[in-house]
1. Taking the stated definitions as given, is ASN318 within 29 Å of GLY108 (Cα to Cα), open to solvent by less than 60 Å² (accessible area, probe 1.4 Å), touching a helix residue (DSSP H, G or I) at 6+ places or on another chain (Cβ under 9 Å) and of a type outside the set (Ser, Thr, Tyr)?
2. Give the residues of segment 299-315 that are surrounded by fewer than 10 Cβ atoms within 10 Å (Cβ to Cβ), over 24 Å from GLU227 (Cα atoms) and among the aliphatic types (A, V, I, L, M), sorted by residue number.
3. Could you go through segment 63-70 and let me know if any residue there is over 20 Å from GLU208 (Cβ atoms) and open to solvent by less than 20 Å² (accessible area, probe 1.4 Å).
4. Give all pairs with beta carbons closer than 6 Å in which a residue from segment 337-351 that is modelled with pLDDT under 95 meets a residue that is open to solvent by less than 90 Å² (accessible area, probe 1.4 Å) and outside any loop (DSSP other than H, G, I, E, B); count only pairs at least 6 apart in sequence or on separate chains.
5. Of everything in segment 215-240, what is among the hydroxyl-bearing types (Ser, Thr, Tyr) and surrounded by fewer than 22 Cβ atoms within 10 Å (Cβ to Cβ)? Give them in sequence order.
6. Kindly indicate which of ALA125, ALA91, ALA97 is closer than 10 Å to ILE40 by Cβ, modelled with pLDDT of 95 or more and not polar (S, T, N, Q).
7. Counting only residues that are surrounded by fewer than 16 Cβ atoms within 10 Å (Cβ to Cβ), of a type outside the set (A, V, I, L, M, F, W, C) and in contact (Cβ under 8 Å) with a residue 40 or more places away in the chain, how many does segment 144-168 have?
8. Which condition number in (1) part of a loop (DSSP other than H, G, I, E, B); (2) without any contact (Cβ under 8 Å) to a residue 24 or more places away in the chain; (3) of a type in the set (S, T, N, Q) is the one that ASN295 fails?
Amino acid sequence: MSQKTDTPPAYIALALQSLCEAVNDCTSVDDARARILASIARMSREIAGSKAFIGDGVKLAVLPEYALTGFPMGETAEQWRAKAAFDPEGAEYAALAELAVKHQLYLGGNAYETDPHFPELYFQACFVIAPDGRTVLRYRRLISMYAPSPYDVLDRYLDAYGADALFPVADTDIGRLAAIASEEILYPEIARCHAMKGAEVFIHPTSEAASPLPTPKNIAKQARAIENLAYIVSANTGGMTGTPIPQNSADRGSKIVDPRGLIIAEAAGGPSMCAYGEVDIALVRRARRRAGMPNLLARTPAALYAGEYARAAIHPANTLVNDGAVNVPGRDFYKARQEKVIEALAKRGVI
């Protein structure tokens, strides 16, 4: 990526902690789609109210993970694709684009979506939509326990989109933006690969069990910011309805973390606009150009690790492709696949 010469002025980022009205209990696809559009309209009102309180400096708003649908709970892949996966050219993304245009901000979020190259599957995607309505970033989650990812169909995915699609970074007038999906914050390689392509602000849509005590994800958010000298804008759900899970199980803790790992804003429980704070790209660029021990990004000998990672290829790619056909597995497949990886780790003496 070429060196960026223009440094944007500081602005406000909002991690909108919004209620997820899941579609699991919808009895028809039409009902599910209507609920999704109603949720987008509600979040548009929440953003309008937040901007009115905070002021005109809000240039980035991030929605929680799968905030418009929830996640599959017993539905087959085919059922969930029909009920909850968005067509990239469909009504749901069009409504989200209208939201970004209406409020004149960059809108980050996360959704399940279909792909014409893989009609059998759905992917979980993070997106950023610009104030003119264009989708400027689409990142498909690479590590997931029970859902398909590009890694599961890697060769075909690379043929369709090229290697740059795996770790995309959007060069925008509010900085270089990238995305980390939910528990991927626990994998330092995901953030580092984006950072090595210039990412300065990570949107982090998540839906997690929060706590006033330190949690793995919250520790990781600060660690990823420190390691990469980047901002983390992490939006958690403000509760979830429409599922058997108690409503507030995925709630509280949306936050803004600065490149020093300092939490500059954090929301308590329930739907909230309290996780907003200033993002100063100049701070990121000064820190990354300053020689010294804190500049961990510049001190990372990436090539040193490449050989060991290559030798540790125990989690194979393309596991959803068999005899040229793409499989649509159930949850049992993913569990069995992980058990095989655990066996391989044991044979290597890792565990």
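The values are calculated or read from the model by the stated rules, or taken from the named source; none is laboratory data. Just so you know, these numbers come straight off a predicted model, no measurement behind them. When we count neighbours, we look across all protein chains shown, and the Cβ atoms used for this are built from the backbone with ideal geometry, even at glycine. Just the protein is used for accessible areas: all its heavy atoms, side chains included, with ligands, DNA and RNA removed. Shrake-Rupley method; radii C 1.70, N 1.55, O 1.52, S 1.80 Å.
1. Yes; evaluated as a whole, the condition is true for this residue.
2. If the condition is that a residue be surrounded by fewer than 10 Cβ atoms within 10 Å (Cβ to Cβ), over 24 Å from GLU227 (Cα atoms) and among the aliphatic types (A, V, I, L, M), then ALA313 is the only one that fits.
3. Within segment 63-70 (the criterion being over 20 Å from GLU208 (Cβ atoms) and open to solvent by less than 20 Å² (accessible area, probe 1.4 Å)), the answer is no, since none of the residues qualifies.
4. Once the first residue is modelled with pLDDT under 95 and sits in segment 337-351, its partners that are open to solvent by less than 90 Å² (accessible area, probe 1.4 Å) and outside any loop (DSSP other than H, G, I, E, B) give ILE351/LEU345.
5. If the condition is that a residue be among the hydroxyl-bearing types (Ser, Thr, Tyr) and surrounded by fewer than 22 Cβ atoms within 10 Å (Cβ to Cβ), then THR215 is the only one that fits.
6. On inspection, the qualifying residue turns out to be ALA91.
7. Residues flagged as surrounded by fewer than 16 Cβ atoms within 10 Å (Cβ to Cβ), of a type outside the set (A, V, I, L, M, F, W, C) and in contact (Cβ under 8 Å) with a residue 40 or more places away in the chain within segment 144-168 amount to 2.
8. Failing condition for ASN295: (2).
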